[in-house]
Amino acid sequence: MAEEKRSLTLNMGPQHPSTHGVLRLVLELDGEVVRRCEPVIGYLHTGIEKTAENLTYNQAVTVIDRMDYLSPLTNNLAYVLAVEKLLGITVPPRTRTIRVMFSELSRIASHLVWLGTAAMDMGAMSVFFYCFREREKILDLIEMTAGTRMNPSYFRVGGLLADLPDGFSDKLGALLDEFPTWLQNYRDLLGSNLLWVERLRGAAVISKEDALAYGLTGQTLRSTGVDLDLRKAQPYSGYEDFTFNVPVRQHGDAYDRYELRLEEMVESAGIVRQAIERLPDGPWHIDDWRIFPPDKHQHVERDMEALIYHFKLFTQGFKVPPGEAYQGVEGPRGEIGCYVVADGTARPMRVRVRAPSFYNLQSLPLMVKDRLIADLITAIGSIDIVLGDVDR
Amino acid sequence: MGSLEDRPFLLTSVDRMLRWAQKNSIWPAQFGLACCAIEMMSTAAARFDLARFGAEVMRASPRQADLMIVAGRVAQKMAPVLRQIYDQMPDPKWVISMGACASCGGVFNNYAILQGVDRVVPVDVYVPGCPPTPEQLLDGIIKLQQKITAGGIPANRGHALAQTAGRP
C-alpha cells in the first residue's frame, strides 16, 4: 500500500501571543514543516483613511496617529509634510529640527518594543523588561512635550503642538548619555546568547530580487544588501543636514535585521544629539493665522481679529487648494507614505497611506515556505509588523 | 477554655476566602488589539509592575485566564473572535474595557469599528483614555479587585446577552 501523504491545516491567530497583534495565519503543515502560509488580515481594520475624509486637515492628524501605534510621530510627519506640500508652505528651521528629533526618538522607542517582544517570542523574557524600562524614558520626553505618552499628535500642519518645554534638553542629554549602556546591555543579553543567535541566523531568509519585487522597505530590504533609506534617498524635513550612516547587511536573514535595528538605534541617537546641539532659535510655527492658530495669551485674548481667526480655524479648518501630493518618510518599519488629494475644501478628499507593514507582511509566506514552524515565529518577529499599520 | 479569638485561628466564610484568593491572583488573557495593548504591556513591565497586584500572569490561552482586558479598538471582523475567546474562558471571569475605542468606539465612529465592546461581552470596568496610561489601567484593576471583594455576579450577563441577541 502506498504511503499516503497528509497535510494538516492549522489556524494560527488572530489571538496568539507571537503574532504581534491580531494577525491570522492559515498554515498547511507537513509534520513540523510549513508547506504553505497564508496571512489573513483585516482583524484590526479601523477605516482610518475613510474617517480622515470626514475630518478637517488638522483633525485628521489624530486618526493618522493611531495607525502605526509604535511610532505615531512618523505617521504624523508623512501626513503633515504632504499637506504642507499642497499648501506650498515651508516651516521654520526650528520646527524642522524638532520634527527630526522626535521622529528619531520614536524610531528608538519603536525598535525597543520590537526588541523586547521579538526576544520574548524566542523565550528571552528579561530583555522585554529592560527594553520597556528604557522606552519609558523616551515616553517621558514625549509626555513632557506633547502631553501624552502615546499618540501625541505633536506635529501639526504649519508647525507643532507646542514648543519644547523647559528642562527638555537636560533630560534628553541625560538620556543620550546613558544610551550606550542600554545598547551594551542588549548586546550582552542577546548577542552572546547562543539560543538567540542560532534561532535567528539563517532563519526567515529573503533574496534581494524577491525583496525588491515585493516592494519591501526598511530593515527587511536593507538586510538583503539594498541601500535604500528615504532619509538619504529623498531627504525631507532637513535630514540632508545631518550626518548619519545607513547600515546595510547582505544575508537577508533575521539575524541581520536584528543587527540592523540595533545599529539604527545608535545612528538615531546620533541624529538626536546633533539636533539638540544645533537646535535653531526662532519661531516653531509658521506665521499665518489662516493655517496655524494665533497664540492664545499673546493674541487671542487681546485682539478681536486674532479671535476670529482662531474661531474660524477650529470650527471650519483651513482650505487647501485642489491638487494631490505624496510624501514618503522613513519610518521604523520602512517607507510610510501619505498620498493626500485636496478638492479645495477644508477636508481632504482622499487620504491614502502606504503602510510599510502591509508590504513587508507579504514576504512572510516566502520566508517560511518549507521551513520549520519554529522559524515562522522568528520570521514574524523579524519583519516587525504592526497590525494597526497593516489593516489601517 | 477561652474564646476562639484568642487562639491562632482566622474565622471566615468559604465565600470570602475564595473572593480574597480570586482578587489577589487575577490572570489576564494575553490578548491585545491595538495601541492600548502596548500600554498594557508597559503596565506589566518594569516601571509599573503589575505583579504588585498579583495580576501579572498573562496567559496565552483563554482557558487559563479569568480576566479579559479588551485593549484597543474592536473591528467588526474581530468581534465574533473576541466573543469566542470570552466564551472559552472558565467562570468566574471578568472583563476590563481598556480605552475609549473598546468602551465606546472612541474617535472611530465609522463602519469598521464596533461602537463599544459591551455590545458583545459584559464589561465590569471601563478605563477611559486614548490610550489610558498604565496608572489608569492599574486603577481599573484595583477597582475590579474591590468589585471582586464585594462579591456578587461578575457583570450583568443576562442583560448583555439579551442586548447581543437583539442586535442584527
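The values are calculated or read from the model by the stated rules, or taken from the named source; none is laboratory data. What you are looking at is a predicted structure, and each value in this text was computed from that prediction instead of being measured. In this analysis, Cβ positions are derived from the backbone assuming ideal geometry, glycine residues included, and neighbour counts consider all displayed protein chains. Surface areas here come from the heavy atoms of the whole protein model, side chains and all, with no ligands, DNA or RNA. Shrake-Rupley method; radii C 1.70, N 1.55, O 1.52, S 1.80 Å.
Miscellaneous remarks
- Scan of the range A:299-315 for residues that are outside any helix (DSSP H, G or I) and either under 33 Å from the mean Cα position of the chain (by Cα) or loosely packed, with under 13 Cβ neighbours inside 10 Å (or both), ordered by number: A:301, A:302
Matching residues to (1) at pLDDT 90 or above; (2) out of contact with any strand residue (DSSP E or B) (no Cβ under 7 Å at 6 or more places or on another chain); (3) surrounded by 18 or more Cβ atoms within 10 Å (Cβ to Cβ):
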{"site": "A:249", "(1), (2), (3)": "yes, yes, yes"}
{"site": "A:262", "(1), (2), (3)": "yes, yes, no"}
{"site": "A:265", "(1), (2), (3)": "yes, yes, yes"}
{"site": "A:269", "(1), (2), (3)": "yes, yes, yes"}
{"site": "A:272", "(1), (2), (3)": "yes, yes, yes"}
{"site": "A:287", "(1), (2), (3)": "no, yes, no"}
{"site": "A:297", "(1), (2), (3)": "no, yes, no"}
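- Leading residue by the ranking (farthest from the other protein chains (Cβ to nearest Cβ)) among those in the range A:85-100 that are surrounded by fewer than 24 Cβ atoms within 10 Å (Cβ to Cβ) and not β-branched (Val, Ile, Thr): A:93
- So residue B:140, is it buried (at least 21 other Cβ atoms within 10 Å of the Cβ), among the small types (Gly, Ala, Ser) and assigned to a helix (DSSP H, G or I): yes
- Restricting the range A:130-141 to residues that are open to solvent by 10 Å² or more (accessible area, probe 1.4 Å) and in contact (Cβ under 8 Å) with a residue 12 or more places away in the chain, the residue that is nearest to the other protein chains (Cβ to nearest Cβ): A:130
- Residue within the range A:71-79 that is out of contact with any Gly (no Cβ under 7 Å at 6 or more places or on another chain), within 16 Å of residue A:385 (Cα to Cα) and surrounded by 24 or more Cβ atoms within 10 Å (Cβ to Cβ) present: yes
- Answer residue from the range B:71-84, given it is under 15 Å from the mean Cα position of the chain (by Cα) and within 11 Å of chain A (Cβ to nearest Cβ) and is surrounded by the fewest Cβ atoms within 10 Å (Cβ to Cβ) among those: B:82
- Residue count for the range A:269-295, restricted to those that are in a loop (DSSP other than H, G, I, E, B), of a type outside the set (Asp, Glu) and free of Cβ contacts under 8 Å to residues at least 40 places away in the same chain: 4
- Qualifying positions in the range B:40-56 - among the charged types (D, E, K, R), surrounded by 11 or more Cβ atoms within 10 Å (Cβ to Cβ) and without any contact (Cβ under 8 Å) to a residue 60 or more places away in the chain: B:49, B:56
- Residue that is farthest from the other protein chains (Cβ to nearest Cβ), among those in the range B:3-39 that are under 21 Å from the mean Cα position of the chain (by Cα), open to solvent by 10 Å² or more (accessible area, probe 1.4 Å) and among the aromatic types (Phe, Trp, Tyr): B:20
- Residue within the range B:85-97 that is open to solvent by less than 20 Å² (accessible area, probe 1.4 Å), closer than 25 Å to residue A:63 by Cα, touching a Phe, Trp or Tyr at 6+ places or on another chain (Cβ under 6 Å) and more than 9 Å from every other protein chain (Cβ to nearest Cβ) present: yes
Each row is one residue, and each column tells you yes or no for (1) of a type in the set (A, V, I, L, M); (2) in contact (Cβ under 8 Å) with a residue 24 or more places away in the chain; (3) open to solvent by less than 20 Å² (accessible area, probe 1.4 Å).
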site	(1), (2), (3)
A:323	no, yes, no
A:327	no, yes, no
A:334	no, yes, yes
A:342	yes, yes, yes
A:346	yes, yes, yes
A:353	yes, yes, yes
A:362	no, yes, no
A:381	no, yes, yes
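- Here residue A:159 passes the criteria (1) within 9 Å of chain B (Cβ to nearest Cβ); (2) buried (at least 24 other Cβ atoms within 10 Å of the Cβ) except the one numbered (1).
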